[in-house]
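> Before I ask anything, let me first share the structure, which is written out below as structure tokens.
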Number of protein chains: 2
Amino acid sequence: MNGNAHDIPGYTYGASAVASATLDDLRRLRISAGFTEQDEHYLRMAGAVLEDQVEKIVNHWRANIIAGIPHLARHSRSLDGSPLPDYLARSNRRFQQWILDTCLRPYDQDWLNYQQEIAIRHTSLKKNQTDNVVSTPYVPYSDIVAFVAVLNETIKPYLQAKEHQESDVIPMHKAWCKSMHIQMALWARTYMEVESTDMEW
Amino acid sequence: MNGNAHDIPGYTYGASAVASATLDDLRRLRISAGFTEQDEHYLRMAGAVLEDQVEKIVNHWRANIIAGIPHLARHSRSLDGSPLPDYLARSNRRFQQWILDTCLRPYDQDWLNYQQEIAIRHTSLKKNQTDNVVSTPYVPYSDIVAFVAVLNETIKPYLQAKEHQESDVIPMHKAWCKSMHIQMALWARTYMEVESTDMEW
């Protein structure tokens, strides 16, 4: 599933990280979100469906949606608004891989650690560093949470693209959405820790 | 739509509040979530569909789901785990009204202020105070975000209960989900402000 993942700039999945959420936290959040083994099953199915579409999906999100929203687009640009094509390309590769990780990775400590790495890279603790660019200092947490609504809505046609029955598409989509809630909850932890110095809401 | 709302204990909608998110913040979040006038239209429709079902819905959430999840149920109980029926009844009335407010209120400064009041009442700044009870000091933000996945999934049959076509149910549900993302984003602001003293993740 991740045959080319080692080629992705800054994709440090599996590397040890500073203390992130624990497996106990994850168990709690899975229960709170109603995320079950059936959801895991349907996420695997979703992963198989999405695997060869991730480039198209991320391009859809970037070119058709984010590029048209200045307050989101600026996070991938330099501070004067000029494009940073290499930064965009690198983060797009990671964005694509994130779709696959959401669907195909076991939700274990490595997954939790990389969730934290994702969040940290959207805060002032580490944004821009991995790709050595000068851009906005952080992506507000509130915009991430709001934009996940768009991810959830726009992923659905891609889940339908391989002629699965609605009886499979609907639970694949539900499982995806539940995972998003767990991930938003995990990312919040990182943002709240940053709050000791500043408010990146 | 809110004929009986003035009878709900602690329902202070429209009262002035400490500085909450601004209308500019809301405009930004609406754009980030892809929330449009069409979504407002379908939320009004959802409000009409849900209006006489809110007691049943909240009872479903409380009795069928939350009651079975100890780490969530405890927030409506005393610290030794014994029931607080009056607290539960009062917060259930507000929970019901929140469904209506989500669907039927204009998203203006009063709505933003009461969003903040909702969030504050889940943090240690104000939990238990409105109803003068001794219970858990706060509801972790992460559990709220995770549990919204359950709200989103379980609201759907109630949207289907009045024999609307799927061509109406689907956009009603999408509009509901987008509103949830905007609300989770707003509640995060309050939790992040609390973080200066403690971590209520």
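Just so it is clear, none of the values below were taken in a lab; they were calculated from the coordinates. This is a predicted model, so every value here is computed, not measured. As a convention, Cβ positions derive from the backbone with ideal geometry for all residues, glycine included, and neighbour counts pool all protein chains shown.
> Quote to one decimal, in nm, the extra length available between A:Asp80 and A:Glu153 on full extension: 0.36 nm per residue of separation minus the C-alpha distance between them.
Between A:Asp80 and A:Glu153, full extension yields 23.2 nm more.
> Starting from the Cα gyration tensor of chain B, take the square roots of the eigenvalues, sort them a ≥ b ≥ c, and report rounded, prolate or oblate (rounded when a/c is under 1.5, otherwise prolate if a/b is larger than b/c, else oblate).
In terms of gyration-tensor shape, oblate.
> I'd like to know which of A:Gln38, A:Val54, A:Thr190 lies farthest towards the positive end of the charge dipole of segment A:25-194, counting +1 on Cβ of Lys and Arg and -1 on Cβ of Asp and Glu.
Selected residue: A:Thr190.
> Taking only Cα atoms and a 10 Å spring cutoff, compute GNM fluctuations for chain A and point out the largest among A:Ile118, A:Ile144, A:Ile57.
Taking springs between Cα atoms under 10 Å, the residue moving most is A:Ile144.
> Report, in order of residue number, the helices in chain A meeting two criteria: a C-alpha extent of 30 Å or more along the helix axis, and a mean Kyte-Doolittle hydropathy of at least -0.5; treat each whole DSSP H run as one helix.
A:166-194
> Additional query: Within a 10 angstrom radius of the beta carbon, how do A:Arg62, B:Arg94 rank from fewest other beta carbons to most?
Result, fewest neighbours first: A:Arg62, B:Arg94.
> With N set to the residue count of the protein assembly as shown, report its C-alpha Rg divided by 2.2 N^0.38 Å to two decimal places.
Cα Rg divided by the expected 2.2 N^0.38 Å: 0.96.
> Round to the nearest 0.05 the FRET efficiency obtained for B:Leu100 and B:Val134 when R0 = 25 Å and r is the Cβ-Cβ distance.
0.25
> Using a Cα-Cα cut-off of under 25 Å, which lysines could be cross-linked to B:Lys174, ignoring same-chain neighbours fewer than 8 residues away?
Of all the lysines, those that pass the test against B:Lys174 - Cα under 25 Å, at least 8 places apart if same chain - are A:Lys56, A:Lys156, A:Lys162, A:Lys174, A:Lys178, B:Lys56, B:Lys156, B:Lys162.
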